[in-house]
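The values are calculated or read from the model by the stated rules, or taken from the named source; none is laboratory data. As the structure is a prediction and not an experimental result, all values here were calculated from the model. Ideal geometry is used to build each Cβ from the backbone, glycine not excepted, and the neighbour counts take in all protein chains shown. Side chains included, ligands, DNA and RNA excluded: accessible areas come from the protein's heavy atoms. Shrake-Rupley method; radii C 1.70, N 1.55, O 1.52, S 1.80 Å.
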Amino acid sequence: MPGFTGSKEDFLPVLGPLAASGRRVVAYDQRGQYESRGPEDPAAYTCPALADELLAVIDAIGGPVHLVGHSFGGLVARDALIKQPGAARTLTLLDSGPAALGGQRRAWLELMAPVINDVGLEGVYAAMEALQAEDPKTQSLPQATRDFLKKRFLSQSATCVLVSGAAVLEEPDRVDELRAAYPGPILVAWGEHDDAWSPAEQEDMARRLGVPYEVIPDAIHSPAVENPEVTAKVLTEFWAAHE
């Protein structure tokens, strides 16, 4: 499950290693993301609506599955398992948090909505490029990667970005609700330098759930890309322990 403004490609570096463990591995664009089209109806992009879509995907695959929700995808996965706990054999919350996003990323999202309404996704991306012009990490990316990120961002539904962005800012704390509803194994994992939900928040969430956690070194908010070897190892070891 990809996060806000993400896509299935966020998992490309780990798909091979995960499949090599003998498992069928599936990643998909949520409705409105990149190559997954969706309606203009805002109701289609709420967390509950996307959770229903996830449950439909699991049903089509033939669950229960080992479910991994990255960032906003973790909030959607949580909603789905509160509704239908039998859909997943295990749940991994990867760089996801207990409730609404805070900090600097929250401030950025709060600024995004009026900008999208004024200048569209193209204007937002141009502003992002200007802000990242002095960022050495962004500038060091291969041109092909930068081209893909631009294409992906502009391919999204603007309605999806607005509504799911609001969901990230408004999500209530449902940690206790998840633990009460879902009896299966849960793992909380995050990049050691996560700049979305803080490592302290995620560690506290694991404590409240009463579940183990893993810190993935040399990673920020996208460990499947930033440290795929360790991310794949963490996932396969967790799954193997609960099969």
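Quick notes
- Region 182-212 - residue that is among the small types (Gly, Ala, Ser) and not in a loop (DSSP other than H, G, I, E, B) and, of those, surrounded by the fewest Cβ atoms within 10 Å (Cβ to Cβ): Ala200
- Residues located in region 213-225, provided they are open to solvent by less than 60 Å² (accessible area, probe 1.4 Å) and either in contact with a helix residue (DSSP H, G or I) (Cβ under 7 Å, 6 or more places away or on another chain) or part of a helix (DSSP H, G or I) (or both): Ile216, Pro217, Ala219, Ile220, Ser222, Pro223, Ala224
- The requirement of being in contact with a strand residue (DSSP E or B) (Cβ under 8 Å, 6 or more places away or on another chain), without any contact (Cβ under 8 Å) to a residue 60 or more places away in the chain and either over 20 Å from Tyr28 (Cα atoms) or buried (at least 21 other Cβ atoms within 10 Å of the Cβ) (or both) is not satisfied by Glu243.
- All helices (runs of 4 or more DSSP H) inside region 1-84 with 1 or more residues being open to solvent by 50 Å² or more (accessible area, probe 1.4 Å) and within 20 Å of Ala180 (Cα to Cα): 47-61, 72-83
- Restricting attention to region 112-161, the residues that are outside any helix (DSSP H, G or I) and modelled with pLDDT of 90 or more total 2.
- Test: Arg152 is surrounded by 14 or more Cβ atoms within 10 Å (Cβ to Cβ), of a type in the set (Lys, Arg) and closer than 21 Å to Lys8 by Cα: yes
- Taken as a whole, region 159-180 holds at least one residue that is open to solvent by less than 20 Å² (accessible area, probe 1.4 Å), touching a residue at least 60 places away in the same chain (Cβ under 8 Å) and touching a strand residue (DSSP E or B) at 6+ places or on another chain (Cβ under 9 Å).
- Test: Thr145 is among the β-branched types (Val, Ile, Thr) and either open to solvent by less than 40 Å² (accessible area, probe 1.4 Å) or closer than 14 Å to Thr5 by Cβ (or both): no
- Residues of region 85-111 satisfying the condition of being in a loop (DSSP other than H, G, I, E, B) and on the phi < 0 side of the Ramachandran plot: Ser96, Gly97, Pro98, Ala99, Ala100, Leu101, Gly102
Conditions tested, residue by residue: (1) in contact (Cβ under 8 Å) with a residue 40 or more places away in the chain; (2) among the β-branched types (Val, Ile, Thr); (3) over 24 Å from Pro48 (Cα atoms).
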| residue | (1), (2), (3) |
| --- | --- |
| Gly73 | yes, no, no |
| Pro85 | yes, no, no |
| Leu94 | yes, no, no |
| Gln104 | yes, no, yes |
| Glu110 | yes, no, no |
| Asp118 | no, no, yes |
| Val124 | no, yes, yes |
| Glu129 | no, no, yes |
| Phe153 | yes, no, no |
